[in-house]
Each structure stands twice: as C-alpha cells, then as structure tokens.
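Have a look at the structure below before the remarks.
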Amino acid sequence: IGDTEDGVFMLAHGAVFPPLVVLEGEYYRLFTAMFLHFGINHLFSNMLVLFFLGDNLERAIGHVKYLVVYLLSGICGGVFSMYMMYKNNNMAVSAGASGAIFGVIAAFAILYPNAEMFIMFIPFPIKAKVLFPISIIVSLYLGFSGSGGNIAHFAHIGGAIVGYILIKIWGRNRYRIN
C-alpha cells in the first residue's frame, strides 16, 4: 500500500516523530513503531537476530517474561532515542524493533555468556558475553562517526539497558544457562 522507505508514509502508519509523541500525546507510536521497518533489509536483519537469539531466550525465561523484555526494551529504547533527539535538536522519523532486539541481545548475553555465536564476515565463533559489548560499541561508533546512516543508536542502548536490568532483577541463576 506504499513505500516503507518513505518517512512520510511510515509516519502516517505509526512511526515515531518526537513532536507528535510529546506535543500531541501520540504515545501509541512508541509501541507501533516497533512493528514497522524501513524496507525489507531493515526487517530482515532484525528478524534474523530474533530467529537465532529470541527463540532460546523465550524458552529459557518463558513467553510472558520474553514479551516483557521485548516490549519494555523497545518502548524504553524509543523513549531514550526521543530524549536524545530533543537534547541534540535532531528530529527524525524513526521505526523498527532495534531497541527491543538489543534488549533481547543483552538478556541473552546475561543468561548465556559462554554461548558461541557465528557472525557474518567473522570466520570464528564469538562468545555472547563478548558479542554484546561489541554490538554496543559498534552502535556507538556508527552513531558518533556519522557513518551509521539513520540508525537510532540510542534506541539500541536504551533497549540493551532494559534487557540487562530485567534479567538481573528476575535473577540470572533461576534459568537454564551455560
């Protein structure tokens, strides 16, 4: 019904634009934006992470807690991203599940720190406890260097913090871990 790489189209269908959320009270956008993606590559990369990590995390902590990690990480990531947009006076239309995805990555890294993961372009496995900080560092680097395009890097950080905190609150040792 339209072009998902067009910011105006995405805005009309629930993407986040900070003035609409804050000034117009359209808070639902923090939820709906997690289910919108700018193009098929954006959607595919997020779903790939969920396919490999999300399933294991959900089996370890259960459906309800997994849903809480996903939704709270996504919403809080969106809030943190909006805060930083206001602080830097740099407004943009944003959408995607990246905050939620980073919450899942953080929770997975806490529960399975020694799980070995194969990542594209790296010919050897990397432990989850190493992958998590690398993901955050790369996200920060891309954000501050300007080479990350329109990625909501602060949503990644906010989502990761929430995923980390939730698993710590629930108690890492209560779940099946490596």
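The values are calculated or read from the model by the stated rules, or taken from the named source; none is laboratory data. What you are looking at is a predicted structure, and each value in this text was computed from that prediction instead of being measured. Note that we place each Cβ from the backbone using ideal geometry, even for glycine, and neighbour counts take in every protein chain shown. Side chains are part of the model used for accessible areas, which takes the heavy atoms of the whole protein and leaves out ligands, DNA and RNA. Shrake-Rupley method; radii C 1.70, N 1.55, O 1.52, S 1.80 Å.
What the table below lists for this structure:
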item: Over the stretch 27-129, volume per residue of the alpha carbon convex hull, in Å³; result: 119
item: Normalised convex hull volume, the chain, alpha-carbon set, Å³ per residue; result: 120
item: Packing rank of 160-169, 104-113, where each peptide gets the mean count of other beta carbons within 10 Å, highest leading; result: 104-113, 160-169
item: Pairwise Lys count, the chain - Cα closer than 23 Å, eight or more residues apart or different chains; result: 4
item: Fraction of accessible area attributable to carbon and sulfur, the chain (%, probe 1.4 Å); result: 67
item: Simple Cβ-charge dipole of the chain, Lys/Arg +1 and Asp/Glu -1, about Cα centre, in debye nearest 20; result: 880
item: Computed over the stretch 1-134: relative contact order in percent, which uses C-alpha pairs under 8 Å that are six or more apart; result: 27
item: The stretch 6-120, accessible area per residue, ligands and nucleic acids excluded (1.4 Å, Å²); result: 49
item: Positive-end extreme of charge dipole, the chain - chosen from TRP170, GLY77, SER45 (charges on Cβ); result: TRP170
item: Stretchable slack from VAL130 to LEU48, in nm (0.36 nm times residue separation minus alpha-carbon distance); result: 27.6 nm
item: Top positive-direction residue, dipole computed over the chain with Cβ charges, set ALA155, ASN90, GLY54; result: GLY54
item: In degrees, nearest ten, helix 153-170 long axis to first principal axis of the chain (Cα); result: 40
